[in-house]
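The values are calculated or read from the model by the stated rules, or taken from the named source; none is laboratory data. Bear in mind the structure is a predicted one, so any value in this text is a computation, not a measurement. Positions of Cβ are generated from backbone atoms using ideal geometry, with glycine treated the same way; all protein chains shown enter the neighbour counts.
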Amino acid sequence: MAENGHGSGNILLEVNNLKMYFPVTRGIIFERKVADVKAVDDISFYIRQGETLGLVGESGCGKTTTGRAILQLYRPTAGTVKFYDQDSGQHVELTALKGEQLRRMRRKIQIIFQDPYGSLNPRMSCGSIIGEPLKIHGLARGRDYNDRVEELLTTVGLHPYFASRYPHEFSGGQRQRIGIARALASNPSFIVCDEPISALDVSIQAQIINLLEELQERFGLTYLFIAHDLAVVRHISDRIVVMYLGKIAEIADHLELYENPLHPYTKALLSAVPIPDPVVESKRERIILHGDVPSPMHPPTGCVFHTRCPIAIDVCKQEIPELRNLGGGGKEHWVACHRV
Amino acid sequence: MGTLLTVRDLKTQFFTQEGVVKAVDGVTYDLQEGETLGLVGESGCGKSVSALSLMRLIADPPGKIVDGNIEFEGRDLLKLSEDEMRSIRGNRMAMIFQEPMTSLNPVLTIGRQLSEALELHMKMNKQQSRRRSAELLEMVGIPEADRRLDDYPHQFSGGMRQRVMIAMGMSCNPKLLLADEPTTALDVTIQAQVLEIVKKLCSEMGTAVIIITHNLGVVARYADRVNVMYAGRIIERAPAEELYGHPRHPYTLGLLHSVPRLDESLKEKLDPIEGLPPDLVNLPPGCPFRPRCRFAKDKCAEEYPPLFDVGKNHTAACWVDVTTGELR
């Protein structure tokens, strides 16, 4: 990875004040809304062209919801998602698109799912799964279609004759390759990778990470890489966003975040990851957080982290901390904490 | 400290329509009292089945322990009757399972499930077992333990359920705790909490632990000694520091190199193990890791390598010396 990261500096995707609330209803005939699950609550960030933005956090922090809300698989409650369309050279507001327009834009933004077992239709052959985007977007027909499917299979390191096989004939790692080939089929410029390796065996994970990096290099892709494995995120990302309970805790360059974490949650998260080396482990300081992540239906007042924070003071319980840029020398390091 | 458990040439097989799956294929090891042993490997390498075999919890049919012996506290477990085995299970030897969501009974209260073992093994009456259950919940860090005894599993979060499982496992002061991927389903911060509790309780009670995981970091933090398994066999065994410092089997070497580490300078590319884990029904002759091995020689295809001594208390099943790339 280049130290300065990929990314030409142009902003490909800009998310502003994104909110995604899911209503909680009571009653059978007369449904009434009793509360909201604030899965994503007012977050803003941007992704540069060609870079990988890592999105980390624990389960229920809203990282997957963020990915889906960007793709408009969920329609956001509020906020904007601005996407720069390289072909037309225009900025497109994804939240305002509907029907045919949105479908056409989906050609450029794709997703790789977490579960390589659930995300492939067991009744479709591997070839038709990969070829489906080609048909939907009318990108290839006849011999071109077959050639393109074969090319895609080769691109992700599978044999072209696998096209006639069905998902159950493949291992987890191979299925994830099929999922990647499907995402690549329509020549997207932006791919949301939603925990693409967490269901895979350790020895296979590295294969898929390397593949994703090669593809990025080759096709100039931009990734939003969602994961909970911090070591993997540090390896693959240029910049990292840390989320907690629907909010952004910290955004920084990948090395900066690991060398100089500012938010107490980021610090705890990093210290909780065991390092595969007993000598290093015996010397490391651990911050053990107490309690569980609170329910996003009733998030704590003020800073959402204050219930588990080792350095919380009174102001943390009352005021929501703003995301502030504390990076010096032209570097960006955003953190939302009263105590920093 | 005496030897608590000796496993000799354990073989567990599953008789399926596709053929015989040799899930555990000749595993031998010892465990000292109070020691923590890490059992590492990928899915399908036989690590869970070897633990279930110790508890004699292999579903028969299709599974069967076909050979070997397991000596625990001086008794050969494979020769015991089912009744005698029940007096050991949950009492002298307990297990924590991977899935805290599914391993608790959803229609019984937590208190009922906790007191079951206490009443059975410790011969406690209702009041005693309830008091002890509350103490146990407190020990694993569940607040308002007394009130929560009447709650059902769905009222607990994943981390809390795993803590209940630990409380159940430790309830009869077992000599051996088998922890089968105890934190795989949990978040990192919760994972750290849970593992710290296991470590604290076991060192207080002098319980030996076999921790089964695919996470090399967890093993590095908690295990004294490590057994690495591949395709049903132990392929390398050593004290933790020795194993991580001087891995001698190409598979262990590959595993350690393929995971990115938080404390390392960044690498351009990860160094994965190529290929796929073997199919246990049709194992190739010779060393099962050979098709993926970068050190492989002709000899590896012919004969399964025995465990060679490669250092102090350190053995590896490989024909090749990975430090030189030459045959032994």
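Here are a few things to note about the model shown:
- Output for the range B:11-63, where each listed residue is within 14 Å of chain A (Cβ to nearest Cβ) and basic (K, R): B:K47
- Exclusive hit being of a type in the set (G, A, S), under 30 Å from A:T25 (Cβ atoms) and free of Cβ contacts under 8 Å to residues at least 24 places away in the same chain, set A:G291, A:G329: A:G291
- Within the range B:11-21, one or more residues are within 17 Å of B:V228 (Cα to Cα), within 18 Å of the chain's Cα centre (by Cα) and not in a loop (DSSP other than H, G, I, E, B).
- With respect to the conditions (1) among the basic types (K, R); (2) more than 29 Å from B:Y222 (Cα to Cα); (3) within 20 Å of the chain's Cα centre (by Cα), A:R218 lacks only one, and its number is (3).
- Looking only at the range A:253-274, and only at residues there that are touching a residue at least 12 places away in the same chain (Cβ under 8 Å) and in a loop (DSSP other than H, G, I, E, B), the one that is surrounded by the fewest Cβ atoms within 10 Å (Cβ to Cβ): A:N260
- Lone qualifier among A:S186, A:S198 - being within 22 Å of B:P277 (Cα to Cα), part of a loop (DSSP other than H, G, I, E, B) and in contact (Cβ under 8 Å) with a residue 12 or more places away in the chain: A:S198
- Against the criterion of being closer than 18 Å to A:L13 by Cα, under 16 Å from the mean Cα position of the chain (by Cα) and of a type outside the set (A, V, I, L, M, F, W, C), A:Q86 does not qualify.
- Flag if A:I313 is touching an Asp or Glu at 6+ places or on another chain (Cβ under 7 Å) and surrounded by fewer than 16 Cβ atoms within 10 Å (Cβ to Cβ): no
- Number of the exception - B:E241 against (1) surrounded by fewer than 21 Cβ atoms within 10 Å (Cβ to Cβ); (2) without any contact (Cβ under 8 Å) to a residue 24 or more places away in the chain; (3) more than 25 Å from B:V198 (Cα to Cα): (3)
- When restricted to residues that are touching an Asp or Glu at 6+ places or on another chain (Cβ under 9 Å) and more than 23 Å from A:S271 (Cα to Cα), the range B:244-267 contains 6.
- Within the range B:120-130, considering residues that are without any contact (Cβ under 8 Å) to a residue 12 or more places away in the chain and surrounded by 14 or more Cβ atoms within 10 Å (Cβ to Cβ), the one farthest from the chain's Cα centre (by Cα): B:Q128
- Some residue of the range A:290-313 being more than 10 Å from every other protein chain (Cβ to nearest Cβ) and among the aromatic types (F, W, Y): yes
- Selected residue (criterion: nearest to the other protein chains (Cβ to nearest Cβ)) from residues of the range A:205-246 that are farther than 14 Å from B:K269 by Cα and in a helix (DSSP H, G or I): A:L230
- Some residue of the range B:273-292 being part of a loop (DSSP other than H, G, I, E, B), away from every other protein chain (no Cβ under 14 Å) and surrounded by 20 or more Cβ atoms within 10 Å (Cβ to Cβ): yes
- Every test in (1) surrounded by fewer than 19 Cβ atoms within 10 Å (Cβ to Cβ); (2) of a type in the set (D, E, K, R); (3) touching a residue at least 12 places away in the same chain (Cβ under 8 Å) is passed by A:R141 save one, and that test is (3).
- Some residue of the range B:204-217 being over 12 Å from the mean Cα position of the chain (by Cα), more than 30 Å from B:T324 (Cβ to Cβ) and without any contact (Cβ under 8 Å) to a residue 24 or more places away in the chain: yes
- Listed by position, the helices (runs of 4 or more DSSP H) inside the range B:157-272 whose residues that are away from chain A (no Cβ under 14 Å) and within 16 Å of A:A231 (Cα to Cα) number at least 1 form an empty set.
- Flag if B:V228 is at pLDDT below 90 and either touching a Leu at 6+ places or on another chain (Cβ under 8 Å) or buried (at least 23 other Cβ atoms within 10 Å of the Cβ) (or both): no
Yes/no matrix, rows are residues, columns are (1) over 26 Å from A:R48 (Cβ atoms); (2) within 14 Å of another protein chain (Cβ to nearest Cβ); (3) within 18 Å of the chain's Cα centre (by Cα):
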residue: A:S128; (1), (2), (3): yes, no, no
residue: A:E132; (1), (2), (3): yes, no, no
residue: A:A140; (1), (2), (3): yes, no, no
residue: A:N146; (1), (2), (3): yes, no, no
residue: A:S171; (1), (2), (3): yes, yes, no
residue: A:Q174; (1), (2), (3): yes, yes, no
residue: A:F190; (1), (2), (3): no, no, yes
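- Checked against (1) surrounded by fewer than 23 Cβ atoms within 10 Å (Cβ to Cβ); (2) of a type in the set (A, V, I, L, M, F, W, C); (3) in contact with a strand residue (DSSP E or B) (Cβ under 9 Å, 6 or more places away or on another chain), A:F219 passes all but condition (3).
- Close pairs (7 angstrom Cβ cut-off, 6 or more residues apart or separate chains): under 12 Å from B:A231 (Cα atoms) in the range B:40-64, in a helix (DSSP H, G or I) and at pLDDT below 85 anywhere: B:E42/A:V202; B:E42/A:S203
- Hey, B:M1 touching a strand residue (DSSP E or B) at 6+ places or on another chain (Cβ under 7 Å), more than 25 Å from A:G172 (Cα to Cα), modelled with pLDDT under 90 and of a type outside the set (S, T, N, Q) or not: yes
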